[in-house]
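Quick notes on the structure that follows.
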Amino acid sequence: MEFVYRRTGMIFTEAKRYYVERRIADRMEAVGSATFASYFARLRTDQGGEVEQFINAFTVNETYFYREEHQLKCLTTDLLEERVRRRAPSDAVRIWSVPCSTGEEPYSLAIWLLENWRRVDAYEIEIVGSDIDTKALRAAEEGVFGKRALMRLPAELVERYFVPAEDEQWRILDDLRQSVRFSQVNLMDPAQTRPNGRFDVIFCRNVLIYFDDTARRIAAENLYENLAPGGFICLGHTESMSRISPLFEVRRFADAILYQRPIEGSDG
């Protein structure tokens, strides 16, 4: 677990021993390692790209469309209106979903903007979805979802933005799928986060709960660097940036409490 922590910031305690052992056993079987010692040697040398597969096995990808809808309302009612107030039409508006898991969140953002933001045609909108899990990213790019993922999405929106696929699944329309860009990112590694550039709004929900205090602070500092001055970060409803980092200002809106990178004193 020290190996996982050093690479991802995720903490797994003794209470998660069964969860950990099950995933290690699965990976040992997949690569044909008879003992943990031989498997760990393979992992340390990253033989066959095993580190990537190992990390994929430990990520949590429980999500669905329109999760925490109150933040989506805040996005179009308050955040974007504030961000574009002094911008010319056709200027870029950038939104980052990290971690994006299998794509439900960034695609939700695209659908929500099309349905609810009156300025959607006036600005160039860029939505980026990033995750450390390469398997999840491949699923996100494919854009095929089952009933559970769509359970909160109104039926008329499913009909409007999806086409039926096999086995009671639905594929998101190609135009919408191609409007979201995906990339692999480790929140603990600034060499991976910073090339994505700066964003107006970052959705980073329900991942920092798996980190310890040190890892949360490192991740928060990296996210701060990816926010444009005055940009906003949205955390999960049980998370609070105020307990993690002093870099952000708390902003309270009618629909959500969010965190903002200050404008004053920034390098622009």
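The values are calculated or read from the model by the stated rules, or taken from the named source; none is laboratory data. Remember, predicted model here, so these are calculated numbers, not experimental data. In this analysis, Cβ positions are derived from the backbone assuming ideal geometry, glycine residues included, and neighbour counts consider all displayed protein chains.
For this structure, a couple of remarks:
- When the range 174-188 is filtered for residues that are more than 15 Å from the chain's Cα centre (by Cα) and either over 13 Å from residue 138 (Cα atoms) or among the β-branched types (Val, Ile, Thr) (or both), the ones remaining, listed by number, are 174, 175, 176, 178, 179.
- Matching option when the condition is under 17 Å from the mean Cα position of the chain (by Cα) and in a helix (DSSP H, G or I), among 105, 126: 105
- Qualifying residue in the range 133-141 (condition: in contact (Cβ under 8 Å) with a residue 60 or more places away in the chain and either closer than 15 Å to residue 65 by Cβ or over 18 Å from the mean Cα position of the chain (by Cα) (or both)): no
- The condition (being closer than 30 Å to residue 51 by Cβ, surrounded by fewer than 19 Cβ atoms within 10 Å (Cβ to Cβ) and not aromatic (Phe, Trp, Tyr)) is satisfied by just one residue among 118, 198, 152, 205: 198.
- Evaluated against (1) touching a residue at least 12 places away in the same chain (Cβ under 8 Å); (2) within 23 Å of residue 77 (Cβ to Cβ); (3) more than 19 Å from the chain's Cα centre (by Cα), residue 203 falls short on exactly one condition, (3).
This table checks each residue for (1) under 18 Å from residue 95 (Cα atoms); (2) of a type in the set (Lys, Arg); (3) free of Cβ contacts under 8 Å to residues at least 24 places away in the same chain.
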| position | (1), (2), (3) |
| --- | --- |
| 172 | no, no, no |
| 180 | yes, no, no |
| 194 | yes, yes, no |
| 197 | yes, no, no |
| 210 | no, no, no |
| 213 | no, no, no |
| 238 | no, no, no |
| 247 | no, no, no |
| 256 | yes, no, no |
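- Each residue in the range 224-248 was checked for being surrounded by 16 or more Cβ atoms within 10 Å (Cβ to Cβ) and over 23 Å from residue 100 (Cα atoms), and 1 of them qualify.
- In the range 103-114, the condition of being surrounded by fewer than 19 Cβ atoms within 10 Å (Cβ to Cβ) and at negative phi is met by at least one residue.
- Residue that is farthest from residue 10 (Cα to Cα) [pool: residues in the range 23-39 that are in contact (Cβ under 8 Å) with a residue 12 or more places away in the chain and not small (Gly, Ala, Ser)]: 31
- Leading residue by the ranking (surrounded by the most Cβ atoms within 10 Å (Cβ to Cβ)) among those in the range 1-52 that are in contact with a Ser or Thr (Cβ under 9 Å, 6 or more places away or on another chain) and within 20 Å of residue 136 (Cα to Cα): 9
- Cβ separations smaller than 8 Å between residues 6+ apart or across chains give the following pairs from the range 95-124 residues that are in the same structural domain as residue 150 (by TED's automatic domain parsing) to residues that are among the basic types (Lys, Arg): 104/67; 105/67; 105/205; 107/177; 108/67; 116/73; 123/87.
- Just one of the listed residues (221, 168) is over 17 Å from residue 83 (Cβ atoms), in the same structural domain as residue 79 (by TED's automatic domain parsing), surrounded by fewer than 16 Cβ atoms within 10 Å (Cβ to Cβ) and in contact with a Gly (Cβ under 7 Å, 6 or more places away or on another chain), namely 168.
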